[in-house]
Amino acid sequence: MTDTKLSHTPDDVAIEARNINFNVEKALATDWHGGDPFRTAFYNALSIMFPVGEQHFIDSVKHYRDKISDPVLNAHVRGFTAQESIHRREHQKYNEALCASRGYSLEKLEAPIRKRIALAQKHMPPIVHLGATVAYEHWTAILADAVLRRPETFDGAKPEMARLWRWHAIEESEHKAVAFDVYRAVGGTVGLRRRLMLIVTVQFFLDGIRHMRLMLKDYKGSKVKLWLGGLKFLRSKESPLYGLGRPWRDFFRRDFHPWDHDNRAVVATVMRSLELQSAPAE
Ligand SMILES: [Fe+2]
Ligand SMILES: [Fe+2]
């Protein structure tokens, strides 16, 4: 590589892991999001994806580590890896506690994602893994921005749960361009990232729906009412999916960069309210 400035994360954004242990075991035994089984299952379904998915993101980015000449981007790759590793750890604890208390099978929930990644690792080149990571990171970035921007997304949620999700959202915002910048630096094309975004979006929704169906299968009341009420929630401002059409579509622009969505101010505000300080990982 000859270009020495490959990182396009703003200079005042630090990508450092905050090594925080969350105590969410008790909350997870309940419908922690306002006593609402659908909202609770929505976030729990997302959490199930993280330990396996984020390991795949780490591996996909680390594969290219030696090809990056820009020391800043290299440092950001280290920061990204450190942040995602702690996210994995906390969501693994989350998922184990959730499954133990609610009687879900973590193995069954994770199995299709594990299989899909193993299959892709066998048949797809590293750039496809990195491109898929870029697409997933865009999803996590726009969801993170939504929950940070609209505090009502966690109205009624148990405080420690809201804190965990906001911590994750802050760090997803900070490192949102790392996989993207690596992808560009190693020659990833616009066409491939666009195609992968379409595939990743379908996978993301199918995985989420599958997790929610498994989690809600023993719901005692009317399932029709539960899902209709859930759809109403998903279209409301209390849903992290609200208003994501435009930022999602921006990804398809040829000249798109994740920091075109500059949310430093909102991240700083939430960070202050959570009193999160950057602390080095163990
Ligand atoms: Fe993460
Ligand atoms: Fe991430």
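The values are calculated or read from the model by the stated rules, or taken from the named source; none is laboratory data. Just so it is clear, the structure is predicted and the values come from calculations on it, not from any experiment. Neighbour counts run over all protein chains shown; Cβ positions are idealised from the backbone, glycine included. Only protein heavy atoms, including side chains, enter the accessible area calculation; ligands, DNA and RNA are left aside. Shrake-Rupley method; radii C 1.70, N 1.55, O 1.52, S 1.80 Å.
Selection of the range 149-169 for residues being open to solvent by 10 Å² or more (accessible area, probe 1.4 Å), among the hydrophobic types (A, V, I, L, M, F, W, C) and within 16 Å of ligand 1 (Cβ to nearest atom) yields only Trp165. The residues listed here are Ala82, Ala100; of these, the one that is assigned to a helix (DSSP H, G or I), open to solvent by 60 Å² or more (accessible area, probe 1.4 Å) and either within 16 Å of ligand 1 (Cβ to nearest atom) or at pLDDT 95 or above (or both) is Ala100. Residues in the range 30-55 that are open to solvent by 30 Å² or more (accessible area, probe 1.4 Å) and assigned to a loop (DSSP other than H, G, I, E, B) were compared, and the one that is farthest from Leu214 (Cα to Cα) is Gly34.
Looking at (1) part of a helix (DSSP H, G or I); (2) farther than 27 Å from Asp207 by Cβ; (3) of a type outside the set (S, T, N, Q); (4) open to solvent by less than 50 Å² (accessible area, probe 1.4 Å), which is the only condition Asp66 fails? For Asp66, the failing item is (4). The condition (being over 27 Å from Val61 (Cα atoms) and either touching a strand residue (DSSP E or B) at 6+ places or on another chain (Cβ under 9 Å) or of a type in the set (D, E, K, R) (or both)) is satisfied by just one residue among Arg210, Arg246, Arg184, Arg194: Arg210. A Cβ distance below 6 Å, combined with a sequence gap of six or more or placement on separate chains, defines the contacts here; from the range 173-187, residues that are of a type in the set (Val, Ile, Thr) reach residues that are away from ligand 2 (no atom under 11 Å from the Cβ) in the pairs Val178/His76; Val182/Tyr64; Val186/Tyr64; Val186/Lys67.
One residue is enough: does the range 70-77 have a residue meeting the conditions among the β-branched types (Val, Ile, Thr), under 17 Å from the mean Cα position of the chain (by Cα) and crowded, with 21+ Cβ neighbours inside 10 Å? Looking through the range 70-77, at least one residue is among the β-branched types (Val, Ile, Thr), under 17 Å from the mean Cα position of the chain (by Cα) and crowded, with 21+ Cβ neighbours inside 10 Å. I need the full set of residues from the range 144-173 which are within 19 Å of Arg18 (Cβ to Cβ) and of a type in the set (A, V, I, L, M), in order please. Passing the criteria: Ala144, Val147, Leu148, Met161, Ala162, Leu164, Ala169, Ile170. When His129 is tested against the conditions (1) crowded, with 19+ Cβ neighbours inside 10 Å; (2) within 27 Å of Thr30 (Cβ to Cβ); (3) within 19 Å of the chain's Cα centre (by Cα), the lone failure is (2). Could you please find all residues in the range 180-231 being open to solvent by 40 Å² or more (accessible area, probe 1.4 Å) and closer than 24 Å to Arg249 by Cβ? Arg184, Thr189, Arg194, Arg195, Leu198, Ile199, Val202, Gln203, Phe205, Leu206, Ile209, Leu231, listed by residue number.
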